[in-house]
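The values are calculated or read from the model by the stated rules, or taken from the named source; none is laboratory data. Please read these numbers as outputs of a predicted model, since none were measured by experiment. Every residue, glycine as well, gets a Cβ built from its backbone with ideal geometry; the counts of neighbours run over all protein chains shown.
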Amino acid sequence: MSVPIWSQPRIAIVTGGGSGIGVAVSERLAADGAAVAVFDLDGESAAATAAGIETAGGTALAVVCDVADRAAIEAGVAETVERLGRPTILINNAGITPFGRFLEISRESFDQVIAVNLRGTFEFCQVVIPHMVEEGWGRIVNISSSSAQTGNFGQTHYSASKAAVIGLTKSLAKEFGRKGITVNAVPPSFVETPSLHRAAEAGQLGRGIEEHIPTTPVRRVGQPADIAAACAFLCRDDAGYITGQVLGVNGGRVIV
Ligand SMILES: NC(=O)c1ccc[n+]([C@@H]2O[C@H](COP(=O)([O-])OP(=O)(O)OC[C@H]3O[C@@H](n4cnc5c(N)ncnc54)[C@H](O)[C@@H]3O)[C@@H](O)[C@H]2O)c1
């Protein structure tokens, strides 16, 4: 006997689904049986993720969307409703990860990281939650960062944006729990994605990725599938009593 994941078909939106963690989350939710709308600024990568899901026997739609553009969010969600149905699962994963010494961070760079990481998450929730309310059920997972919990040298703007995502998550949980909607945050740490490799190549991770293994309690580098497993768990029907929580997926690197 097994416990069903969902009592009815579910439609999920994954932002930043064209790379790294977003690919793994899209594939995992599709493998669990959801139809997945893969949103990304980069249309080719979104199409590649969607094609991979379809080849594996799942249902997917690729949507080109800049999460910093409200009109693009509204158009993409409308397209999802028309082609797949009402979205009731939302994974706000799209993000940019700039580095910079505090005194050298420009207002443009600050505004951009807030527009993508925070306002994009805020506005995606505003556009999708009415569909969840209509259905009386919803699951939102916002991808934060361990740097929101610990701070990170050279990432004041990024850490601030990701810490704000946690405040947004907790407040939304309180406002929409009564509507059957849960809202949780997953802050990853050190997950092997193109973004982590870019940071390593730019010398922002000390001597590299492997040197962090001895200081990681589980003695390995995190993988996108680790984050996907946590998101999939939080999106299940039987995770309905878990809301407003911050589930660190970090191999024990950050224990708070
Ligand atoms: N990899 C890690 O170790 C790590 C650690 C902490 C937090 N995170 C967070 O996890 C999320 C995914 O990170 P990743 O490592 O997979 O990064 P990634 O760079 O590999 O993928 C990010 C994806 O988001 C898309 N994207 C960027 N800006 C966008 C925009 N304005 N609109 C739509 N899509 C946009 C990119 O095109 C890309 O496909 C990010 O929010 C990141 O901050 C990652």
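Just a few scattered comments:
- Residue ID - surrounded by the most Cβ atoms within 10 Å (Cβ to Cβ), chosen from residues in segment 6-22 that are more than 8 Å from the ligand (Cβ to nearest atom) and under 24 Å from residue 195 (Cα atoms): 14
- Residue list for segment 84-109, filter: within 15 Å of the ligand (Cβ to nearest atom) and not in a loop (DSSP other than H, G, I, E, B): 90, 91, 92, 108, 109
- Considered as a group, the residues in segment 123-155 that are buried (at least 19 other Cβ atoms within 10 Å of the Cβ) and of a type in the set (S, T, N, Q) include one that is farthest from the chain's Cα centre (by Cα), and that residue is 155.
- Each residue in segment 63-84 was checked for being of a type in the set (A, V, I, L, M), within 14 Å of residue 46 (Cα to Cα) and surrounded by fewer than 23 Cβ atoms within 10 Å (Cβ to Cβ), and 1 pass.
- Contact annotation: no residue pair with Cβ atoms under 9 Å, 6 or more positions apart or on different chains, pairs a residue in segment 221-246 that is assigned to a helix (DSSP H, G or I) and at pLDDT below 95 with a partner that is among the small types (Gly, Ala, Ser) and surrounded by fewer than 21 Cβ atoms within 10 Å (Cβ to Cβ).
- Filter result (without any contact (Cβ under 8 Å) to a residue 24 or more places away in the chain, part of a loop (DSSP other than H, G, I, E, B) and farther than 15 Å from residue 99 by Cα) within segment 165-210: 207, 208, 209
- Among the residues of segment 138-154, those that are closer than 26 Å to residue 26 by Cβ and either free of Cβ contacts under 8 Å to residues at least 60 places away in the same chain or within 14 Å of the ligand (Cβ to nearest atom) (or both) comprise 138, 140, 141, 142, 143, 144, 145, 146, 147, 148, 149.
- Residues in segment 35-48 that are near the ligand (Cβ under 9 Å from one of its atoms) and either buried (at least 24 other Cβ atoms within 10 Å of the Cβ) or under 17 Å from residue 9 (Cα atoms) (or both): 3 in all.
- With respect to the conditions (1) farther than 14 Å from residue 12 by Cβ; (2) away from the ligand (no atom under 16 Å from the Cβ), residue 114 falls short on a single one, namely (2).
- Residue within segment 229-242 that is small (Gly, Ala, Ser), over 30 Å from residue 131 (Cα atoms), within 15 Å of the ligand (Cβ to nearest atom) and buried (at least 18 other Cβ atoms within 10 Å of the Cβ) present: no
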